[in-house]
């Protein structure tokens with residue numbers, strides 16, 4: 001891995017929030033920056049999106065692009081559902097389940113076929129997207145807000161992928177499993 005990737009990852013980590021949930025209601029998400037901030041301003045979204053990248057590396061092969069791509073595409077669909085005002089039940093439960101399940105899958109090094117893996121993260125992505133969309137006021141610039149939360153998601157997936165590949169490169173696969181366990185524990189913490 002190049003020094004440039006390490007610097008970019010370090011810069012992204014400096015942006016990590018202290019808020020436990022992305023749904024604090026502190027500011028109106030009406031712009032690109034609010035859309036960009038939403039996935040990284042809450043530990044629930046942040047952990048799930050990092051987990052998608054880590055798990056994709058752990059699965060290997062086509063999963064490296066298929067799993068994160070599925071998440072992004074279905075998150076946008078979930079965002080459209082949220083924008084439209086359709087209520088998806090148990091959004092917060094779905095988001096917390098994504099953190100717990102993905103963390104447990106990484107910790108156990110459990111490998112599903114690529115299709116099922118992409119489907120699983122896609123289902124979780126609908127909840128994440130619906131939360132992003134539901135919190136955007138009608139008068140907001142939907143396109144710039146969406147571009148912001150999609151970009152943040154891609155950056156978080158890329159960070160998870162970078163960490164996973166780094167752990168593989170230095171032959172410390174157990175670090176990925178440890179990170180998965182920490183993600184699952186973070187999900188438990190957020191649930192209580």
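Just so you know, all these numbers are worked out from the coordinates, no wet-lab data involved. Given the structure is predicted, the values throughout are model-derived calculations rather than measurements. Here Cβ is always computed from backbone atoms with ideal geometry, including for glycine, and neighbour counts include all displayed protein chains.
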Amide N of the stretch 97-120 lying under 18 Å from the label point, which is placed 7 angstrom from the Cα of residue 185 along Cα→Cβ: 99-109
Ratio of the Cα radius of gyration of the stretch 30-191 to 2.2 N^0.38 Å, where N counts its residues: 0.98
FRET efficiency, 1/(1 + (r/R0)^6) with R0 35 Å, evaluated for residue 141 and residue 93 via beta carbons: 0.75
Theoretical gain in end-to-end length, residue 178 to residue 80 [0.36 nm per residue, Cα-Cα removed]: 31.8 nm
Efficiency of FRET between residue 171 and residue 109 - r from beta-carbon atoms, R0 22 angstrom, step 0.05: 0.90
Ordering of 170-180, 84-94, 120-130, 100-110 by packing [mean C-beta count within 10 Å, highest first]: 120-130, 100-110, 170-180, 84-94
